[in-house]
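The values are calculated or read from the model by the stated rules, or taken from the named source; none is laboratory data. Predicted model only: the values in this text are computed from it and were never measured. Every residue, glycine as well, gets a Cβ built from its backbone with ideal geometry; the counts of neighbours run over all protein chains shown.
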């Protein structure tokens, strides 16, 4: 079927993205390693599959969003994975946050089997995924990107082709380095404001109108001030993204002293037990608090 989409990975981001494809009337097949996450999609009209091969065989498009390089390697390049099982001509859209090297490796393996692959990670977290407000940055074949545009439009508000394979992955790591750095700075600011007795509502009102006002500040400042550390974007994933960014900089032989410092903070917070919480929980770590049990 020309409009059939196989969706692999129904986590916090993948589930709402897949639901939006269903709402846009794509014929959807879904697969998730934890089958419990896939079952609700049967009630929404999707076909729940028991393997990646079953999901992708004969599909026009495959969309995947998993946690890291290791998961992507298993999903894309493993036995019975996407590249081995998809039919020639299938377009793969990998929305995972991976290293550029991983994105290029998948693209090369896909091309060898007459498949097209676009590395298209997203800017935005769970609320943006639910509300079709994601921004896709896509690297890879321009023709494949153009063919997949209806999918991007169903899941987000903007999609831009940014270059060859790996370019999307590179820009996403840059984006998340900036996000992590701003989150760390905001956590320091909130800790000082609290210690100094600044009124939280006043701080939110003023900082939200200041020179550093941004979507990130509007999202994370209320969570920090309200001590709501439920995960929109897990701290452990930010730690992983910063690790990937610093490794990329080392490959390019460029110094990144700020990113390395911030990565060290997130790494320490993850190792201290805050990894499953939102990135805003860096505030707890900086304040010397213990992670919730």
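Looking at region 175-293, what helices (runs of 4 or more DSSP H) fall wholly within it and have at least 2 residues that are surrounded by fewer than 19 Cβ atoms within 10 Å (Cβ to Cβ), out of contact with any strand residue (DSSP E or B) (no Cβ under 6 Å at 6 or more places or on another chain) and not assigned by TED's automatic domain parsing to the domain that holds residue 96?
200-207, 215-226, 235-251, 257-269
Out of the residues in region 93-112 that are touching a helix residue (DSSP H, G or I) at 6+ places or on another chain (Cβ under 6 Å) and more than 12 Å from residue 168 (Cα to Cα), state the one that is surrounded by the fewest Cβ atoms within 10 Å (Cβ to Cβ).
Only one residue fits best here, namely 109.
Take region 129-138 and flag every residue that is touching a strand residue (DSSP E or B) at 6+ places or on another chain (Cβ under 7 Å), over 13 Å from residue 97 (Cβ atoms) and either crowded, with 22+ Cβ neighbours inside 10 Å or touching a residue at least 40 places away in the same chain (Cβ under 8 Å) (or both).
Listed by number, the residues that qualify are 132, 138.
Scan region 86-99 for residues that are under 14 Å from the mean Cα position of the chain (by Cα) and either outside any strand (DSSP E or B) or over 21 Å from residue 14 (Cβ atoms) (or both) and report the count.
5
Please go through region 186-221 and pick out each residue that is under 22 Å from the mean Cα position of the chain (by Cα) and over 12 Å from residue 279 (Cβ atoms).
Result: 214, 215, 217, 218, 221.
Being in a loop (DSSP other than H, G, I, E, B) and within 20 Å of residue 75 (Cα to Cα) is the filter here; which residues of region 111-147 pass it?
Scanning region 111-147 gives 113, 114, 115, 120, 121.
Is it fair to say residue 165 is surrounded by 14 or more Cβ atoms within 10 Å (Cβ to Cβ) and in a helix (DSSP H, G or I)?
No: the conditions fail for residue 165.
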